Amino acid sequence: MTVRTRYAPSPTGYLHIGGAWMAFFNWLFARNHVGAFVLRVEDTDRTRSSEEYERAIFEDFKWLGLDWDEGPDVGGPYGPYRQTERMHLYRKYAEELLAREAAYYCYCTPEELDAERARAQAEKRPYRYSGRCRALTAQQRAEFERQGRRPTIRLRVHDYGETIVVDDLVRGRVEFDPEHLDDYIIVRSDGSPLYNFANVVDDHTMAITHIIRGIEHLSNTPKQWVMYRALGWEPPQVAHLSNILGSDKKKLSKRTGDTAVRDYKKEGFIPEALLNFFALMAWYPEENREIFSVRELVEKFRIEDLGKASPVFDTAKLTWMNGVYMREMLNREPERVVEACLEPLRSAGLLDGQVTPETRDYIRRVIGTSSSKTGLSMSRRPPAATSAIPPSARSWRPCRSG
RNA sequence: GCCCCCAUCGUCUAGCCCGGCCUAGGACACCGGCCCUUCAAGCCGGACGCGCGGGUUCAAAUCCCGCUGGGGGCACCA
């Protein structure tokens, strides 16, 4: 069986560092196994999703150097790759579940459910759906329909008495007592699928074999496992990773650093450095070594080696690593270093107007000069007017190459 | 409230599964020195850690239990 992994972004914003990190490991795993990496767009939240963000996310992936074998833009044998275009599939499997009586219509209104929840809270007992609609007669249903109630569809999980086992590839065996699960809604009253349902249907119909995702999904997993069972499907292998933290040890937020991948591009970071850094936030391919090419990472990747703890995103180390890459790149592909410096120089007010070949050449000479002092660059590089470099250009971090 | 996950230097981590080779290794950051007109870079050196408490054992960072701390989940969000 060929390995197939996926990353499923919601096009509601730019690619987030945390998302890119997760996507990267899925990509690494697929590439390591010579499998397929697919991009699936989860755009069911129509009010917040936009095509513009979808395009932006693809751009961010391309910049990072993470390529995908299947996706909304390139197509593939398991399409379509946007959830909004897969409604017929969700409908089909919802009907199948209904026919098997593994799911049922629930006519409870949101208000009624809120009341149930409030009551549970007042009595200090954990809330679980009462199951009022689990066994409605045809007459009862007809009566609700007459009242104009639009039903949701719930998955019947209460009868599932055995312990649900999730064999997590990085965490090991995790057990869940179904006592804590209840019949959850899989289709809204307007007919649209909910995450846990759409996700299972998509992963299965897209033949996804391995999923590396955030720890927040670990608690969802037993719910999904029940669904796989109800549908008679084999669940994929899963691995849950803790989320990246900011320097304040809280979930990564704008306050402690940039959260969008494109911000790092704007600041002059080299994508290979970012990927190298990403890897080290969960895994050290070899002892006593920090710098790994993407190719090496692909070769050495082992899902079981991923760490379980939440890493703090250390911008200082990333900056150091970026410097290592830039200095190295100066010899091989100086143009790329110049390219990376363009946006930062512009936002620092040191570059305006058109970027001409002369500008690029000048930047290149400046970088080359300061780098020649490091001894890393060739001494045959013609000396340039170092004094002409504005001080701020030399103290500016990510591009500071020497 | 209930359920689940996690825990080694300030930070990323190696070691943990298969206890002794760990007086716990590397890297970033930090401090000091060398180099240098200066600043970086580079080189050399330094300080810094197994959350706590019980076990098990001749021996525990490593195994077991409890605690504490952090994170996540319990939606007609994803």
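Taking a point 7 Å from the Cα of residue A:217 along the Cα-to-Cβ direction, none of the residues of the range A:69-99 has its backbone N closer than 13 Å to it.
By the equivalent-ellipsoid construction on the alpha carbon gyration tensor, the range A:89-193 comes out with semi-axes of 27, 20, 12 Å, ordered largest to smallest.
For A:229, A:365, what's the fewest-to-most ordering of other Cβ within 10 Å of each Cβ? Could you put the intermediate results ahead of the total?
On the way: A:229 16, A:365 20.
Ranking A:229, A:365 by Cβ neighbours within 10 Å, fewest first, gives A:229, A:365.
For A:93, A:104, which order do you get if you count the other beta carbons within 10 Å of each Cβ and list the fewest first? Intermediate results must be reported in sequence, preceding the final value.
On the way: A:93 24, A:104 20.
With the sparsest Cβ surroundings first, the list reads A:104, A:93.
Listed values for the range A:30-47 are Karplus-derived 3J(HN,Hα) couplings in whole Hz (6.51 cos²θ - 1.76 cosθ + 1.60, θ = phi - 60°), namely 4, 5, 4, 9, 6, x, 10, 10, 10, 10, 10, 8, 9, 10, 5, 7, 5, 6, and x replaces Gly and Pro.
By the rule of a C-alpha distance below 20 Å, with chain neighbours fewer than 8 residues away ignored, the lysines paired with residue A:300 are A:308.
A simple spin-label model places pseudo-atoms 7 Å from Cα toward Cβ; at residue A:179 and residue A:333 they are separated by 5.7 nm. Pick from A:36, A:316, A:279 the residue whose mean-square fluctuation is largest in a GNM of chain A, springs joining Cα atoms under 10 Å. So, out of A:36, A:316, A:279, the one fluctuating most is A:316.
As an exercise, use a Förster radius of 22 Å and the Cβ-Cβ distance of residue A:117 and residue A:45 to find the FRET efficiency, rounded to the nearest 0.05. The value I calculate is 0.45. The orientation-averaged shadow of the Cα convex hull for chain A, equal to a quarter of the hull surface, comes to 24.4 nm². Backbone geometry of the range A:188-201 corresponds, through the Karplus equation with coefficients 6.51, -1.76 and 1.60 at θ = phi - 60°, to 3J(HN,Hα) couplings of 6, 5, 8, x, 8, x, 8, 2, 4, 7, 4, 4, 5, 4 Hz, x marking Gly and Pro.
Counted by neighbouring Cβ atoms within 10 Å, the residues A:318, A:231 run from fewest to most as A:231, A:318.
Report the extension gain between residue A:250 and residue A:139 in nm, rounded to one decimal, defined as 0.36 nm multiplied by the number of residues separating them, less their alpha carbon distance. Walk me through the intermediate numbers first.
Details: separation 111, 0.36 × 111 = 39.96 nm, distance 5.26 nm.
Value of the extension gain: 34.7 nm.
If only the Cβ of Lys and Arg carry +1 and only the Cβ of Asp and Glu carry -1, the dipole of chain A around its Cα centre is close to 940 debye. Distance distribution P(r), the range A:38-128, all Cα-Cα pairs, bin width 5 angstrom from 0: 3, 11, 13, 13, 13, 12, 11, 10, 9, 5, 1 percent.
Mind ordering A:73-81, A:197-205 by average Cβ neighbours within 10 Å, highest first?
A:197-205, A:73-81
FYI, it's all coordinate maths here, none of it is from the lab. Keep in mind that this is a model prediction, so the values were computed, not measured. In this analysis, Cβ positions are derived from the backbone assuming ideal geometry, glycine residues included, and neighbour counts consider all displayed protein chains.
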